[in-house]
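What follows is a single structure, written as structure tokens, with notes after it.
The values are calculated or read from the model by the stated rules, or taken from the named source; none is laboratory data. Every value quoted in this text rests on a predicted model; they were computed, and no experiment measured them. Here Cβ is always computed from backbone atoms with ideal geometry, including for glycine, and neighbour counts include all displayed protein chains. Ligands, DNA and RNA are stripped out before the accessible areas are found, and what is left, the full protein with its side chains, is counted by its heavy atoms. Shrake-Rupley method; radii C 1.70, N 1.55, O 1.52, S 1.80 Å.
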Amino acid sequence: MADDTTDTKSSNQMWGGRFASGPDAIMEEINASIGFDKKLFAQDIRGSIAHATMLAHQGIISADDKDKIVHGLNTILSEIESGNFEFSRQLEDIHMNVEARLATLIGPAAGRLHTARSRNDQVALDFRLWVKEELQKTEQMLTGLIAAFLDRAEEHAESVMPGFTHLQAAQPVTFGHHCMAYVEMFGRDRSRVRHAIEHLDESPIGAAALAGTGYPIDRHMTAKALGFREPTRNSIDTVSDRDFAIEFLSIAAIAGMHLSRLAEEIVIWSTPQFGFVRLSDAFSTGSSIMPQKKNPDAAELVRAKTGRINGSLVALLTIMKGLPLAYSKDMQEDKEQVFDAAESLELAIAAMTGMVRDMTVNTARMKAAAGSGYSTATDLADWLVREAGLPFRDAHHVTGRAVALAESKGCDLAELPLSDLQAIHPDITDKVYNVLTVEASVASRKSFGGTAPSEVRRQVAFWRARN
Ligand code: ARG
């Protein structure tokens, strides 16, 4: 698509009388949005076709003019899609570019299209349609990411790894359980997306500049034709509102935060020091100088994209803050924030889905790490409560002494001889060794939502049915 300014007509000329001269070059530059809002061309044309069809149905324009308009708009659609449309910056935005071209194609009938509407409701419509489609795409992509995690969780329902708090080994967990934590996070993101689609599912067209219109339009008809549940209810709010864009950005920021935590874990897990996962060649890069290196660049970039998405959210909140009702030109600055965040979010979800599907999980490394750091200490304390009848606080104290002893001997809890354990508490028997292994530890945690393989499989089944 060409971005030149070859068209000689400016939007000032299209408005006629009051404007004796064209705008100053700087005015044109600050005013124009065509450089980015041309992305809305399909929505703009779809909206105009629905509007013209309704105008004719209501007898506001003739059927003949409507046919010319619809035919012309379809021609423009294919011109733009095939790259044969010349966008003009002098014509400011996508709405004026399409309308000017329509006038060239069909003549005076083009002038009837803008009856009973304004660019204020037009842009609100185009942008809402775009955000709605983007949300639908995001929903699909999140479903793909969730599916990748469900597969890995099922595969690794029994693989033991250290669970962390403060990034210090805390208690053994299963890798499947850890994967399912991400399923919950991205599942919440997906339900936020679904709610946002419901929220924005109201058609703005027909609010006109801000006050509605005296023409006998049918807003229910256009709402239906454009796939909205119903028309918006207040024309002032309709042209003032960008909540749908801010909701998209908030959802993107929260999902981005989740993605960045996953990215960070993958960065940590793929270090030689951890060695829990190995990224596929497809999602890592080498070093130009250090041949041994395999860098998790894609994960690092996902971590960084989150900062960018947060920036867009704060930018649009700040643009909208304090704006008086109804439309102000400030609002034109909404689109780039959303377009940029949408691109970042799509890339981040796609990259993480690929990484999760492709990475090799080193279960031996995970298991070895799970057993170190006295990770079954809580299991020992629980055993003392259950089998020896100690109050938990006392059991905690006894276990602390066992850990200290193991530490001084440089061995694991399971490696302490029974005589050593009995010296700490006489009621300890050799049955205690059954709970000191990591497998026994995770298998015992069968509480609802716990880390036991049986529980992980139950949650996988729940999510598979939920989709
Ligand atoms: N390009 C404008 C935008 O994106 C379209 C609406 C212009 N409306 C106006 N009253 N100047 O916001």
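A few points about this structure:
- Inclusion of residue 311 among residues that are away from the ligand (no atom under 13 Å from the Cβ) and open to solvent by less than 60 Å² (accessible area, probe 1.4 Å) is warranted.
- In summary, residue 90 fulfils each of the numbered conditions (1) open to solvent by 40 Å² or more (accessible area, probe 1.4 Å); (2) closer than 18 Å to residue 40 by Cβ; (3) within 16 Å of the ligand (Cβ to nearest atom) with the single exception of condition (2).
One line per residue, one yes/no per condition, for (1) at pLDDT 95 or above; (2) open to solvent by 40 Å² or more (accessible area, probe 1.4 Å); (3) within 20 Å of the chain's Cα centre (by Cα); (4) within 16 Å of the ligand (Cβ to nearest atom):
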position	(1), (2), (3), (4)
117	yes, no, no, yes
121	yes, no, no, yes
125	yes, no, no, yes
130	yes, no, yes, yes
147	yes, no, yes, no
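- Residues in segment 292-300 include none that are over 27 Å from the mean Cα position of the chain (by Cα) and under 30 Å from residue 431 (Cα atoms).
- Selected residue (criterion: surrounded by the fewest Cβ atoms within 10 Å (Cβ to Cβ)) from residues of segment 371-413 that are small (Gly, Ala, Ser) and outside any helix (DSSP H, G or I): 410
- Considered as a group, the residues in segment 23-39 that are open to solvent by 60 Å² or more (accessible area, probe 1.4 Å) and assigned to a helix (DSSP H, G or I) include one that is nearest to residue 333 (Cα to Cα), and that residue is 30.
- Residue within segment 149-164 that is over 30 Å from residue 441 (Cβ atoms), among the hydrophobic types (A, V, I, L, M, F, W, C) and free of Cβ contacts under 8 Å to residues at least 40 places away in the same chain present: no
- Any hit, segment 63-71, residues being surrounded by fewer than 21 Cβ atoms within 10 Å (Cβ to Cβ), closer than 26 Å to residue 27 by Cα and away from the ligand (no atom under 16 Å from the Cβ): no
- Within segment 415-467, being touching a Ser or Thr at 6+ places or on another chain (Cβ under 7 Å) and in a helix (DSSP H, G or I) holds for 438, 441, 442, 453, 456.
- Residue that is most open to solvent (accessible area, probe 1.4 Å) [pool: residues in segment 166-197 that are touching a residue at least 12 places away in the same chain (Cβ under 8 Å) and within 30 Å of residue 122 (Cβ to Cβ)]: 194
- Close pairs (6 angstrom Cβ cut-off, 6 or more residues apart or separate chains): more than 17 Å from residue 442 (Cα to Cα) in segment 377-389, outside any helix (DSSP H, G or I) and open to solvent by 50 Å² or more (accessible area, probe 1.4 Å) anywhere: 388/427
- Within segment 329-358, being of a type in the set (Asp, Glu) and within 12 Å of the ligand (Cβ to nearest atom) holds for 330, 333, 334, 336.
- Between 254, 266, 246, the distinction of being farther than 30 Å from residue 112 by Cβ, in contact (Cβ under 8 Å) with a residue 60 or more places away in the chain, open to solvent by 50 Å² or more (accessible area, probe 1.4 Å) and not in a loop (DSSP other than H, G, I, E, B) belongs to 254 only.
- Within segment 94-109, the set of residues being within 16 Å of the ligand (Cβ to nearest atom) and out of contact with any Lys or Arg (no Cβ under 9 Å at 6 or more places or on another chain) comprises 98, 99.
- Complete set of residues in segment 198-211 that are away from the ligand (no atom under 16 Å from the Cβ) and open to solvent by 10 Å² or more (accessible area, probe 1.4 Å): 198, 199, 201, 202
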